[in-house]
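K.L.:
Mind having a look at this structure? Questions to follow.
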Amino acid sequence: MQSCFGFTFRSVCTDGRPQTTLKPSLSLNSKEGQGSRMADTENTQLEEMLMCPVCQDIFKDPRQLPCGHSMCMACLDELMGHSSDIPFRCPDCRTFFGDIMTVQKNYALANITENFRENRRIRAVQTKNVYCDFCSDENILAIKTCLKCEVSLCKEHVNPHLELQVFTGHPLVRPLGDLVERKCPQHKDEVLRYYCNASRRYICNICALESKQHNVATEASTVLRRQLTEYMDQQFTMLRGEITESADSVRKLKDDIQHEKQKLNPAYLCLNNVTVVLLCLWFIVLYYAYNYSLENQTLTEALDKQQTRVHHIYSTIAELLVDHPMKTQKPSETENKGIPMLDLDTVSPFLGVSADLRSVERLKAKLEYPDSNNRFDEAPQVLSTQCFSSGTHTWQVEAEGCWDIAVSYKSIQRKSKDNSTFGSNSESWSLTHIGEGKLFVYHNRKKTALSVTLQSSRIAVTVHFEKGNITFTAVDSSITQLHEFKTKLTQPVCLGLGLYHVDPPSRASVIKGL
């Protein structure tokens, strides 16, 4: 028997394991002061389950009472130290334990609470300096990150994701400050979304498709290898049977020669016997060498046919996955004379153009267009074939996703991503949509946010060359002017389209021209 922390301890052995018992000398009403320590309403359910009923904080060194409830060791010491002569009762269920009470350390609960504290600390560090991507004027802390839009949102800008039906499939997670590190190192525009058990790492959508294609190829190769193995086994069995028959024929021939040897001169018979055997063996070798050559040629031809078939299958699968655009064909000169066509000589390898040269779509995989000095190699953009150096001209474009609709000089840079993007130079004027109806205008690297929210998918672009006016207008049931540039036009101008995201799909079509 020994005394510590105002308690009387006694060692008790149960199933060979020592336990510690506490005998209270005083008693205390366990619910006294509990109402003043109620948990904050913003605590999560798990945090509430891990709270000590006495101090209303996360358990520290939890001890389990005989009734199954737990409390912090410090809280238990305090209760026992301030108790009266009334017997000790559990603060949760009010169970009376008698004069001697047995308690044990709750190791499982202690590990859970320690892990919970560490995770909460890590989350606090990760979300400390994550700011809203839409609040450009102030550093407003973000409360959520959308993995699909790849943006962090504050309390005000997250409301559309929570209320509008169009954002139903957008996953919202805690603010991520390392969103750039979640980009796929091989496919720069894709976010790591799936965990691959085979490689034990996170992969993006395109990696998942490539993995699926690789699995199809592996299965086809396995089937081909099994078929070739079975065919080789059959041919080997046939060849072994023929060798056995030939050996029997040689043995029979040897017996016949031995039988004739008794009738002929022994010396001549010995020489004749050796010559015949050597000749037979030579013919057998030639026979099987010839057969082996034929079989080898047959197997080689069969393998070539199978490889050609597998290559054709792979090519078909790749074309279906990439969704390769239709082969372009030049439309009739009498059709849609007023609608400008898209210039295939300028289209980016990341864009696919329709057969009528009126529509363009952002693709997942890069296409193999012919090399051209006029082609946009880095920026996913395309120009129209028609350019104008006088008069007033209007184009109507129907677009969705993340896009640029621009007016550009023909002399715009093509090979540099930073200098060739519409609006990032002095040779182009662009209207940019980044999703959610948010609009910006760019010219010579100057960005201006528009207060109006886009409600229509159809945009009209009007150019008055002599006055130097470039106007962007939303076309729906009413006409809403979005922005007007005033400049001095010195070169022929073209219509330009830029598409920047695969998910959500980005497309644009020129539907009208005046």
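K.L.:
Being polar (S, T, N, Q) and out of contact with any Phe, Trp or Tyr (no Cβ under 7 Å at 6 or more places or on another chain) is the filter here, so list the residues in segment 429-452 that pass it.
P.N.:
444, 451 - these are the residues of segment 429-452 that are polar (S, T, N, Q) and out of contact with any Phe, Trp or Tyr (no Cβ under 7 Å at 6 or more places or on another chain).
K.L.:
For segment 124-139, name all the residues that are surrounded by fewer than 17 Cβ atoms within 10 Å (Cβ to Cβ), in a loop (DSSP other than H, G, I, E, B) and at pLDDT 80 or above.
P.N.:
135
K.L.:
For residue 509, all conditions in the list (1) at pLDDT 90 or above; (2) out of contact with any Lys or Arg (no Cβ under 8 Å at 6 or more places or on another chain); (3) surrounded by 14 or more Cβ atoms within 10 Å (Cβ to Cβ) hold save one; what is the number of the exception?
P.N.:
It is condition (2) that residue 509 fails.
This table checks each residue for (1) closer than 30 Å to residue 380 by Cα; (2) at pLDDT 85 or above; (3) β-branched (Val, Ile, Thr); (4) touching an Asp or Glu at 6+ places or on another chain (Cβ under 8 Å).
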{"residue": "189", "(1), (2), (3), (4)": "yes, no, no, no"}
{"residue": "199", "(1), (2), (3), (4)": "no, no, no, no"}
{"residue": "202", "(1), (2), (3), (4)": "yes, no, no, no"}
{"residue": "208", "(1), (2), (3), (4)": "yes, no, no, no"}
{"residue": "213", "(1), (2), (3), (4)": "yes, no, no, no"}
{"residue": "217", "(1), (2), (3), (4)": "no, no, no, no"}
{"residue": "222", "(1), (2), (3), (4)": "no, yes, yes, no"}
{"residue": "225", "(1), (2), (3), (4)": "no, yes, no, no"}
{"residue": "230", "(1), (2), (3), (4)": "no, yes, no, no"}
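K.L.:
Next question, about the same structure. List, please: which pairs have Cβ atoms under 8 Å, are six or more places apart or on different chains, and start with a residue in segment 352-370 that is touching a residue at least 60 places away in the same chain (Cβ under 8 Å) and end with one that is basic (Lys, Arg)?
P.N.:
Taking only residues 6 or more apart or on different chains, the pairs are 359/507; 360/507; 361/507; 362/507.
K.L.:
While we're on this one: Return the residues of segment 472-514 that are of a type outside the set (A, V, I, L, M, F, W, C) and in a strand (DSSP E or B); say none if nothing qualifies.
P.N.:
The answer is 473, 480, 481, 483, 484, 486, 496, 498, 507, 509, 512, 513.
K.L.:
What's the total number of residues in segment 68-112 that are at pLDDT 85 or above and basic (Lys, Arg)?
P.N.:
Result for segment 68-112: 1.
K.L.:
Here is a follow-up. Of all the residues that make up segment 94-123, how many are within 45 Å of the chain's Cα centre (by Cα), aliphatic (A, V, I, L, M) and surrounded by 13 or more Cβ atoms within 10 Å (Cβ to Cβ)?
P.N.:
Number of matching residues: 3.
K.L.:
Give me the pairs, please: first residue somewhere in segment 417-431 and assigned by TED's automatic domain parsing to the domain that holds residue 471, second residue anywhere and hydroxyl-bearing (Ser, Thr, Tyr), beta-carbon distance under 6 Å, and either six or more positions apart or on two chains.
P.N.:
That search, which allows pairs on different chains as well, returns 422/428; 422/430; 423/430; 423/442; 427/409; 428/408; 430/442.
K.L.:
So, of the residues in segment 443-471 that are of a type in the set (D, E, K, R) and assigned to a strand (DSSP E or B), which turns out to be surrounded by the most Cβ atoms within 10 Å (Cβ to Cβ)?
P.N.:
Taking the candidates together, the pick is 458.
K.L.:
Going through segment 53-77 one residue at a time, which ones are crowded, with 22+ Cβ neighbours inside 10 Å and part of a loop (DSSP other than H, G, I, E, B)?
P.N.:
Matches in segment 53-77: 59, 65.
K.L.:
Determine if segment 339-350 includes at least one residue that is part of a helix (DSSP H, G or I), at pLDDT below 85 and surrounded by 15 or more Cβ atoms within 10 Å (Cβ to Cβ).
P.N.:
No: segment 339-350 contains no residue that is part of a helix (DSSP H, G or I), at pLDDT below 85 and surrounded by 15 or more Cβ atoms within 10 Å (Cβ to Cβ).
K.L.:
Cβ contacts < 6 Å: first residue outside any helix (DSSP H, G or I), restricted to segment 203-228; second residue of a type in the set (A, V, I, L, M, F, W, C), any location; separation 6+ or different chain. Result?
P.N.:
As it stands, the answer is 203/196; 204/184; 204/192, since those pairs meet every condition given.
The values are calculated or read from the model by the stated rules, or taken from the named source; none is laboratory data. Only a predicted model underlies this, so the values are computations on that prediction, with no experimental measurement involved. Virtual Cβ from ideal backbone geometry, glycine too; neighbours counted across all protein chains shown.
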